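Written out below as structure tokens is the structure these notes cover.
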Amino acid sequence: MEKETVQVNPYEVGQYVKVIDGLFHKKTMEKFHRICKELDFEDAKVGGGNQSEVNKNIRNTKTLCWHRYSKKLTHVHWCNYFINVTHEAIYKWYKPQAPEVVVGKTNYINLLKYEEGGFYKPHVDHFDKIPRTISVITFINNDFEGGYFEIFSPDLQMSQKIKPEPGRTVIFPSNFLYPHKANEVTKGTRYAVVLWYL
């Protein structure tokens, strides 16, 4: 069955932002949501490499990293699942419009937990010491209020908000042309999985 692809065009280079629904089955997202609610997260940091630190004025969220080489089989299973599905999506729906993009590998997923009052101010995902190429975000649940994902033009003057829905996936370049933010969650808890390809 062909998946539905929604194009987002908030600004001139908007064709490089893909919003894809249908990659992940609803029941799978419900199961993963139940798992997320039982996990212990830690405060997320900002910055890259050894310079990173917790700064809740910039990023008030919690995170948990699962590596595909973890000793826990549950972690390995879910890592491989998200990595394989998103990698296939990049080659099927993203690379045809950006054939020169180089898609490296990723070995882990980051689970994000935005509790009430949680947010992440505008930022980009590419750092000198962490040269990410492609960012992929998959939303796990929608039983919360607020928490919209928002992607901006490079000068932050225009933006497009994307409503989190279970399984909805956003693929976009990690570089300085694509600043983005997580708007504040006003009620409930928002979960997402993020992957970065080098």
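The values are calculated or read from the model by the stated rules, or taken from the named source; none is laboratory data. Predicted model, so just to flag it, every value in this text is computed and none were measured. A quick note on method: Cβ atoms are made from the backbone with ideal geometry, for glycine too, and the neighbour counts reach across all protein chains shown.
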Among E42, E88, the single one that is under 18 Å from G167 (Cα atoms) and without any contact (Cβ under 8 Å) to a residue 24 or more places away in the chain is E88
In the set V85, V101, the lone residue that is over 21 Å from F41 (Cα atoms) and assigned to a loop (DSSP other than H, G, I, E, B) is V101
Would you tally the residues in segment 113-145 being touching a Phe, Trp or Tyr at 6+ places or on another chain (Cβ under 7 Å), assigned to a loop (DSSP other than H, G, I, E, B) and under 15 Å from V185 (Cα atoms)? 2
What number of residues within segment 171-190 are modelled with pLDDT of 95 or more, part of a strand (DSSP E or B) and crowded, with 18+ Cβ neighbours inside 10 Å? 5
Among the residues listed as L23, L112, the single one being within 16 Å of R168 (Cβ to Cβ), touching a residue at least 12 places away in the same chain (Cβ under 8 Å) and in contact with a helix residue (DSSP H, G or I) (Cβ under 6 Å, 6 or more places away or on another chain): L23
For R168, which of the numbered conditions (1) surrounded by fewer than 19 Cβ atoms within 10 Å (Cβ to Cβ); (2) of a type in the set (K, R); (3) farther than 16 Å from T61 by Cα fails to hold? (1)
Yes/no for K92 being modelled with pLDDT under 95, part of a loop (DSSP other than H, G, I, E, B) and exposed (fewer than 15 other Cβ atoms within 10 Å of the Cβ): no
State which residue is farthest from V101 (Cα to Cα) when the search covers only segment 150-170 and only residues that are of a type in the set (D, E, K, R) and part of a strand (DSSP E or B). K161
